[in-house]
Amino acid sequence: MSWHRAARSPPAVGDLTRYSVARIRHAIETAPVSELPGLVALLRSELADIDGLDVETMRADPASMAAYVTKGKFRRWPYVRLLSDKFVAAHAGTAKRQVWTLPARYGKSSLASRWGLIWLLDRAPESQSILVSYGDTLASEHAVFVRDALEQNPGLFRVKLRQDRRRVDRFVTEEGGGVLAAGVGSGITGFGAGGGGGVVFDDPHKNWQEAHSAAKRDYIWRQFLSVVTTRLDDEAAWIIVVMTRWHEDDLAGRLARIEDETQEPWELVRLPAIAEAHDPNSHDPSLRLPDPLGRQLGQVLEPERFSEREVLSRRATLGSYLAASMEQQRPAPEEGGEIKRDWWRWESSMPTSGDEWIASWDMKMTERDTGSYVVGQAWSRSASDFYCHAQLRGRWNFATVRCAIALLAVRFPQASTHCIESTGNGPEVMAALRAADAKYQVSDDVAGTLGMSADEREQVEALMRRGVPGILPVTPRGNKVARIRAVSAYIEAGNVHLPDGADWAAGLVDEHSAFPNGAFDDQVDALSQALAVLSGRLKRVGAVAPRGDAQPSHWRQA
């Protein structure tokens, strides 16, 4: 056993000097001479953890308080200091909505759910905070630590607990503050967060299995919106979500999307186990920001906590998908899941001619399904190469979907075939498109939603008054995974091309990389359908006669 690993096993002696000396004596007896310089650095780092701290300066932040009270056993590594500062910023009101994502066993719960709340009650005994986790037991364990630490150090902390209100899951200070601890499914009633306090939501997802259950993820999300966020008593109340990433659609993923939709600022503190190169123009949003610790490419989060060898070994054991989620805090692997990111070919200019042109549309299941997207893509084929020229995507009502299909037909008149998934509300949409509507007009709302020009609006109205020709139903066979696997070889071979710089293309690649564990798959469905048609994997069989076709036909997957 190397002295680095032995350093993580503190001796029973509590005194820091004896603690450090004992470690160095053991290391000198067992380590080669070449490691002696490292022993000196180790001693310096130990002493630095309490150097300059006294009973007043230790109150600066949670990490300093923890290091002082534990006599250096709680280590203030750079990432710990960063998170400690973030907790202070939440209380100060400068960052009231935060999400911390980092790997397991790095002490994030110890800082946020334990020492953070101890520091807060010492600083503001009137503050009321709520500690939430996936279950009552875990939340109560953190609360017991906070309560016991306050009661066992009466001369150190500037707060006293009421003896008649000191339950494991709820204790109150003499100033009216306190902590309520509960599982996400428990009732959080009669207690709000405010007065300088807030909510720590620690480990919302219990394990991999629950995080990969759509029903469980939906439940956590509903509880967060309807229970957790409604317990904030004042504008200064804050929320810190502390977790390890498990899935693209976990709580952190949904909070990122709700920020895009509502513009409520959530600060993401993402600390991957291994530092990655950042690129402001990356197709992966997680890689657009620099490392918050300023680490170099490949540097581990904290070598004294887990060495590079340990991190790499754990990464190999987990595999690419789980390692990307749990270690790197990027649920979609950089190289992709079913579809790798580097398979796609990016073109600065797309061809204007081709052997065949089509439009491919993925419908939502029902008209009332307001959460799903409708996606339409314009495609061409030149020999064995496939080009996706444009995409329209939105959560649209029936009227907007009809108009969007006509708009794509106007923008790409060479796409004489419009392949529409014949499930959900697809048949209803197709019937409306085929029928000539002599009085059809595009409303201002629909025109604005789809970004139509005045000329496009006139052309769409003219087309809808005649009826849209070339409408072909497509009956999908097999599940979504089977369908994309059937055409993935074309992407892997570099035969699928995307326009570089198109505002929709990065999202399309992201969704394919996360599939089948991503939040959405509508773009995957539209693409797999298009490639199946263009590659000849779908065969035409007798069915409904779309307007403009010589023979009655529709597409069915062979």
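Values computed for the structure shown
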| quantity | calculated |
| --- | --- |
| Rounded to the nearest 20 debye, dipole of the range 79-327 from Cβ charges on Lys, Arg, Asp, Glu | 480 |
| Efficiency of FRET from Cβ geometry, Phe191 and Arg345, R₀ 60 Å, rounded to 0.05 | 0.60 |
| Residue-by-residue Karplus 3J(HN,Hα) for the range 245-255, coefficients 6.51, -1.76, 1.60, Hz, glycine and proline x | 6, 10, 7, 4, 10, 6, 4, 4, x, 5, 5 |
| Interchain or long-range residues, amide H under 5 Å from Arg170's placed H | Ala181 |
| Relative contact order %, the range 147-189, counting alpha carbon pairs below 8 Å whose residues are six or more apart | 25 |
| Positive dipole terminus of the range 79-327, leading residue within Ala104, Ala92, Val159 (C-beta point charges) | Val159 |
| Sparse-neighbourhood loop sites, chymotrypsin sites (Phe, Trp or Tyr not before Pro) in the range 334-435 - DSSP loop, at most 11 other Cβ within 10 angstrom | none |
| Other-chain or far-sequence residues with amide H under 5 Å of Trp396's (modelled H) | Val374 |
| Label-point separation in nm, Ser384 to Arg288, each point 7 Å along Cα→Cβ | 3.6 |
| Segment Asp522-Gln163, extension gain: residue separation times 0.36 nm, minus the distance between their alpha carbons | 123.5 nm |
| Extended-chain gain in nm, criterion 0.36 nm per residue less alpha-carbon gap, Asp218 and Glu308 | 28.8 nm |
| Distance (nanometres) between label positions extended 7 Å along Cα→Cβ at Asn479 and Ser453 | 4.5 |
| Length-normalised contact order of the range 362-516 in % [C-alpha pairs under 8 Å, at least 6 apart] | 26 |
| Residues of the range 104-120 with amide N under 19 Å of a point placed 7 Å along Cα→Cβ from Lys73 | 105-119 |
| Cα→Cβ-extended label distance, 7 Å offset, between Leu318 and Ile258, nm | 2.5 |
| Label point 7 Å beyond Cα of Ser535 along Cβ direction - residues of the range 372-416 with amide nitrogen under 19 Å | 377-389 |
| For Asp437, distant residues with modelled amide H under 5 Å away | Arg465, Arg466, Gly467 |
| Positive minus negative residues near Pro125 (Lys, Arg vs Asp, Glu; Cβ under 15 Å) | +3 |
| The range 149-212 and the range 392-446: distance between their alpha carbon centers, rounded to Å | 54 |
| Relative packing of 460-466, 401-407, which averages over residues the other C-beta atoms within 10 Å, highest first | 401-407, 460-466 |
| Vicinal HN-Hα couplings computed from phi for the range 139-146 (Karplus, 6.51 cos²θ - 1.76 cosθ + 1.60; Hz; Gly/Pro x) | 4, 5, 4, 5, 5, 4, 4, 5 |
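Taken together, the values in this text are just the output of simple stated rules run on the coordinates, not laboratory data. A quick note: this is a predicted structure, and the numbers were derived from the prediction, not measured. Cβ sites come from the backbone with ideal geometry, for glycine too, and all protein chains shown count toward neighbours.
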